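Some notes on the structure that comes next.
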């Protein structure tokens, strides 16, 4: 099971995710107004730190220009791209065609009140070359990402049954709510989890102790 912590903004936070046993660390790029937004230079530096500590950096973006995203991927040596906005299947296709060998593409599917906003496009994303989906909740105010809102286990499995790709689960995941997603965890295409808020300390920074608690809880059989 993959564990991803999202929104690192410093080398210390990247190291904390490694200490917690993470497989992936999310680095925000082209997320307008995002609290964890990075410049290309910062992205490259943190991706280098992630590689040095055995954690794969993930470019998390609302960007829609494949050329800009691919330039960042190459410059920072990014092995994963997470399309967290409402990018079209064409963006996925362009990244697949123009990206380096082995590039992993995760397309976020947004659930609002249990319904998937992109429900009619999932097949197109699959055909365009996405490697996996990531299920996340839309905030009450329409905000995307880092909402700390949880999804219903039944809504997750229903969406998974309608799609053909592995999926990462996000949305208010904590060390103490693993059992609320028993069906999702048992699904044959369950790939892992993506965590933000529950891994942060009182200052809002990714914390090794809190992140480790999440990792241990979710990897317990």
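Here, each number is a calculation from the coordinates, and none is a lab measurement. Not measured: the values here are computed from a predicted model. Note: ideal-geometry Cβ built from the backbone for every residue, glycine included; neighbour counts use all protein chains shown.
A compact table of results
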read-out: Qualifying residue in the range 34-41 (condition: under 30 Å from residue 188 (Cβ atoms) and either free of Cβ contacts under 8 Å to residues at least 40 places away in the same chain or not in a loop (DSSP other than H, G, I, E, B) (or both)); value: no
read-out: Qualifying residue in the range 2-12 (condition: farther than 30 Å from residue 187 by Cβ and in a loop (DSSP other than H, G, I, E, B)); value: yes
read-out: Total residues in the range 71-100, condition in a helix (DSSP H, G or I), in contact with a strand residue (DSSP E or B) (Cβ under 9 Å, 6 or more places away or on another chain) and closer than 19 Å to residue 25 by Cβ; value: 3
read-out: Every residue from the range 168-192 that is part of a strand (DSSP E or B) and under 20 Å from residue 113 (Cα atoms); value: 168, 169
read-out: Residue within the range 10-17 that is more than 16 Å from residue 207 (Cα to Cα) and over 16 Å from the mean Cα position of the chain (by Cα) present; value: no
read-out: Pair list, Cβ under 8 Å, 6 or more apart: the range 87-102 residue surrounded by fewer than 14 Cβ atoms within 10 Å (Cβ to Cβ), other residue not in a helix (DSSP H, G or I); value: 97/129; 102/79
read-out: Residue 45 being in contact (Cβ under 8 Å) with a residue 24 or more places away in the chain, part of a helix (DSSP H, G or I) and under 19 Å from residue 106 (Cα atoms); value: no
read-out: Residue in the range 110-124 that is within 15 Å of residue 4 (Cβ to Cβ) and outside any helix (DSSP H, G or I) present; value: no
read-out: Matching option when the condition is surrounded by 20 or more Cβ atoms within 10 Å (Cβ to Cβ), in contact with a strand residue (DSSP E or B) (Cβ under 8 Å, 6 or more places away or on another chain) and closer than 24 Å to residue 98 by Cα, among 47, 56, 8, 22; value: 47
read-out: Subset of the range 35-44 that is within 19 Å of residue 73 (Cβ to Cβ) and over 15 Å from the mean Cα position of the chain (by Cα) - its residue that is surrounded by the most Cβ atoms within 10 Å (Cβ to Cβ); value: 38
